[in-house]
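A.B. asks: One structure follows; several queries about it will come next.
The values are calculated or read from the model by the stated rules, or taken from the named source; none is laboratory data. Just so we're clear, the structure is a prediction, and the values are computed from it rather than from any experiment. Cβ placement follows ideal geometry from the backbone for every residue including glycine, while neighbour counts extend to all protein chains displayed.
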């Protein structure tokens, strides 16, 4: 899920930037420190916005820089367990598909794709269901549930696992087909019940 988090910190304003607008220098310092970071508590830091630098700073003996308090907002993406998200398939492999959710790719393992035997066609880059003939390929839009999140230690690689083996999950076209079938089945059942009541 995307979040906007307001934070405070102290930043170092290097002496070579003295005379430049304080907010612009502060923005560059905060951006360099936070943007692109993967953190256990923050998640994926996508962007730094609304940077406000205190005009009053401190100088520490032996360091020619000035230290200023700064308040800012971070746009983050924090994947949570059991969250249902939609994404695009960006890569197909023999063991599954990588789905882009937010700023990160999650693994949709073949065992979590559908209730069917799945084969991998390397030439076409397709995962194919044997009985259902359903295909998954690069560029397809899917709805999945997050089943595993490991953000790792600061700066480490993060891993996200997802599943599509639950009702109303999978490729969006499959979900529409399933809903249509359910609606038709419900209408037939209702017609049968109405005929039974008339007799």
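A.B. asks: Does segment 1-39 hold any residues that are farther than 30 Å from residue 85 by Cα and part of a loop (DSSP other than H, G, I, E, B), and which are they?
C.D. replies: Matches in segment 1-39: 14, 18, 19, 20, 21.
A.B. asks: Go through segment 111-178 and tell me which strands (runs of 3 or more DSSP E), entirely inside it, have 1 or more residues that are touching a helix residue (DSSP H, G or I) at 6+ places or on another chain (Cβ under 6 Å).
C.D. replies: Ranges flagged: 118-121, 141-150, 159-163.
A.B. asks: What residue, of 108, 81, 75, is surrounded by fewer than 19 Cβ atoms within 10 Å (Cβ to Cβ), in contact with a strand residue (DSSP E or B) (Cβ under 8 Å, 6 or more places away or on another chain) and in a strand (DSSP E or B)?
C.D. replies: 75
A.B. asks: Continuing with the same structure: Kindly list the number of the only condition in (1) assigned by TED's automatic domain parsing to the domain that holds residue 14; (2) out of contact with any helix residue (DSSP H, G or I) (no Cβ under 7 Å at 6 or more places or on another chain) that fails for residue 72.
C.D. replies: (2)
A.B. asks: Considering only segment 40-51, how many residues are assigned to a strand (DSSP E or B) and more than 14 Å from the chain's Cα centre (by Cα)?
C.D. replies: 5
A.B. asks: Collect the residues in segment 84-96 that are touching a strand residue (DSSP E or B) at 6+ places or on another chain (Cβ under 7 Å) and free of Cβ contacts under 8 Å to residues at least 40 places away in the same chain, keeping them in residue-number order. Reasoning before the result, please.
C.D. replies: Taking segment 84-96 first, the residues touching a strand residue (DSSP E or B) at 6+ places or on another chain (Cβ under 7 Å) are 84-92, 94-96.
Scanning segment 84-96 gives 94, 95, 96.
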